[in-house]
Amino acid sequence: YFSQSFADRYDLPTMLLPAYTDLSAYASLPFEEKEKLIIYSPDAAPWRDAALKTLRSELPDYELREIRGITFDQFMDLATRCRFSITFGEGFDGYLAQPIHQGGLSFAVYNEEFFPSPELLDFTNIFSSAEDLLENIVSRIRGLETDPEQYRRANKAMIDVYDSLYSKDDYVDRVLKLVNREFEYFPLHLSQ
């Protein structure tokens with residue numbers, strides 16, 4: 001979505017504005033203070049109902065809560081208190097990011113269009129397919145909840161990915177470039 005071809009296609013100067021959300025106002029919680037709560041996105045993935053049915057039947061000690069019809073502050077409260085979250089959307093999105101930044105762990109199905117690298121397939125919380133998630137999510141949750149150190153390592157690995165991609169300083173610099181109309185790509189007819 002960010003290249004010379006898009007600038008040409010839409011006949012517009014283009015620049016990258018990363019999806020940065022400043023979460024510094026929200027304190028995170030360590031694993032030991034997390035609730036047995038799994039939050040999930042409202043997206044309509046074809047495998048969503050099967051995943052929720054599996055979670056409800058095999059993890060009866062967990063509360064499941066859809067994120068819908070609430071404010072961002074209410075969402076952040078849930079993202080802070082939950083141990084786990086699941087995104088049924090594009091995968092590398094806020095339903096994955098915000099709980100991680102609050103000390104939690106989020107699950108997603110890998111999507112090469114939205115994830116920054118196939119290396120994320122090696123992460124504990126990223127599944128290669130819907131079938132992989134359906135077969136393995138319960139055992140991963142049970143394993144992570146009994147090994148807080150592994151949970152913390154999985155969380156840190158995801159934080160490291162986000163920190164390598166997004167920063168407040170970079171975001172502010174890019175907004176200033178937008179204000180000053182310092183685009184990165186120009187339609188070919190404008191650059192000649």
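Tell me, please, whether a residue that is among the acidic types (Asp, Glu), open to solvent by 40 Å² or more (accessible area, probe 1.4 Å) and either closer than 22 Å to LYS36 by Cβ or in contact with a helix residue (DSSP H, G or I) (Cβ under 6 Å, 6 or more places away or on another chain) (or both) can be found in region 136-147. Walk me through it before giving the result.
Going through region 136-147, the residues among the acidic types (Asp, Glu) turn out to be 145, 147.
Within this subset, residues satisfying the condition of being open to solvent by 40 Å² or more (accessible area, probe 1.4 Å) are 147.
If we keep only those that are either closer than 22 Å to LYS36 by Cβ or in contact with a helix residue (DSSP H, G or I) (Cβ under 6 Å, 6 or more places away or on another chain) (or both) as well, we get 147.
Taking every residue of region 136-147 in turn, at least one turns out to be among the acidic types (Asp, Glu), open to solvent by 40 Å² or more (accessible area, probe 1.4 Å) and either closer than 22 Å to LYS36 by Cβ or in contact with a helix residue (DSSP H, G or I) (Cβ under 6 Å, 6 or more places away or on another chain) (or both).
State the number of residues belonging to region 42-98 that are open to solvent by 40 Å² or more (accessible area, probe 1.4 Å), polar (S, T, N, Q) and farther than 27 Å from ALA25 by Cα.
Count: 1.
Could you look through region 53-100, keep only residues that are hydroxyl-bearing (Ser, Thr, Tyr) and touching a residue at least 24 places away in the same chain (Cβ under 8 Å), and pick out the one that is nearest to LEU165 (Cα to Cα)? If you could, list the steps in order and put the result at the bottom.
Our first condition is that a residue be hydroxyl-bearing (Ser, Thr, Tyr); within region 53-100, this holds for 54, 57, 62, 71, 80, 85, 87, 95.
Checking the rest, the ones that are also touching a residue at least 24 places away in the same chain (Cβ under 8 Å) come to 54, 62, 80, 85, 87, 95.
Values: THR54: 33, TYR62: 32, THR80: 22, SER85: 21, THR87: 20, TYR95: 17 Å.
Among those that are hydroxyl-bearing (Ser, Thr, Tyr) and touching a residue at least 24 places away in the same chain (Cβ under 8 Å), it is TYR95.
Pick from region 117-135 the residues that are at pLDDT 95 or above, in contact with a strand residue (DSSP E or B) (Cβ under 7 Å, 6 or more places away or on another chain) and assigned to a helix (DSSP H, G or I): which of them is most open to solvent (accessible area, probe 1.4 Å)?
Going through the qualifying residues, I end up with ALA130.
If you scan region 14-41, which residues turn out to be open to solvent by 40 Å² or more (accessible area, probe 1.4 Å) and either acidic (Asp, Glu) or in contact with a strand residue (DSSP E or B) (Cβ under 8 Å, 6 or more places away or on another chain) (or both)?
Scanning region 14-41 gives ASP22, GLU32, GLU33, GLU35, LYS36.
State which residue pairs qualify: first residue touching a residue at least 60 places away in the same chain (Cβ under 8 Å) and of a type in the set (Gly, Ala, Ser) and inside region 1-24, second residue part of a loop (DSSP other than H, G, I, E, B) and open to solvent by 60 Å² or more (accessible area, probe 1.4 Å) in any location, beta carbons under 9 Å apart, and separation of 6 or more residues or different chains.
Cβ pairs passing all conditions: ALA7/GLU184; ALA7/PHE186; ALA19/TYR166.
Looking at region 82-116, which of its residues are in contact with a helix residue (DSSP H, G or I) (Cβ under 6 Å, 6 or more places away or on another chain) and β-branched (Val, Ile, Thr)?
Within region 82-116, THR87, ILE100, VAL109 qualify.
Just to be sure before I move on: is PRO187 touching a residue at least 12 places away in the same chain (Cβ under 8 Å) and exposed (fewer than 14 other Cβ atoms within 10 Å of the Cβ) in the structure I sent?
Numbers: touching a residue at least 12 places away in the same chain (Cβ under 8 Å): yes; exposed (fewer than 14 other Cβ atoms within 10 Å of the Cβ): no.
It is false that PRO187 is touching a residue at least 12 places away in the same chain (Cβ under 8 Å) and exposed (fewer than 14 other Cβ atoms within 10 Å of the Cβ).
Does PHE114 qualify as being under 16 Å from the mean Cα position of the chain (by Cα), surrounded by fewer than 16 Cβ atoms within 10 Å (Cβ to Cβ) and aromatic (Phe, Trp, Tyr)? Give the derivation first.
Values: under 16 Å from the mean Cα position of the chain (by Cα): yes; surrounded by fewer than 16 Cβ atoms within 10 Å (Cβ to Cβ): yes; aromatic (Phe, Trp, Tyr): yes.
Here the answer is yes, as PHE114 does meet what is asked.
Within region 101-111, can you find the residues that are in contact (Cβ under 8 Å) with a residue 40 or more places away in the chain and within 10 Å of the chain's Cα centre (by Cα)? Can you show your working first?
Initial filter on region 101-111 (in contact (Cβ under 8 Å) with a residue 40 or more places away in the chain): 101-106, 109.
Scanning region 101-111 gives HIS101, LEU105, SER106.
Looking only at region 155-192, filter to residues that are among the acidic types (Asp, Glu) and in a loop (DSSP other than H, G, I, E, B); which one of those is nearest to LEU96 (Cα to Cα)?
GLU184
Output the helices (runs of 4 or more DSSP H) that fall wholly within region 1-109 and possess 2 or more residues being of a type in the set (D, E, K, R), or say none.
Numbers: elements: 4-10, 48-58, 72-81, 94-101.
Correct list: 4-10, 48-58, 72-81.
The values are calculated or read from the model by the stated rules, or taken from the named source; none is laboratory data. Just so it is clear, the model here is predicted, and its values are computed rather than measured. In this analysis, Cβ positions are derived from the backbone assuming ideal geometry, glycine residues included, and neighbour counts consider all displayed protein chains. Calculation scope for accessible area: heavy atoms of the full protein, side chains included, ligands and nucleic acids excluded. Shrake-Rupley method; radii C 1.70, N 1.55, O 1.52, S 1.80 Å.
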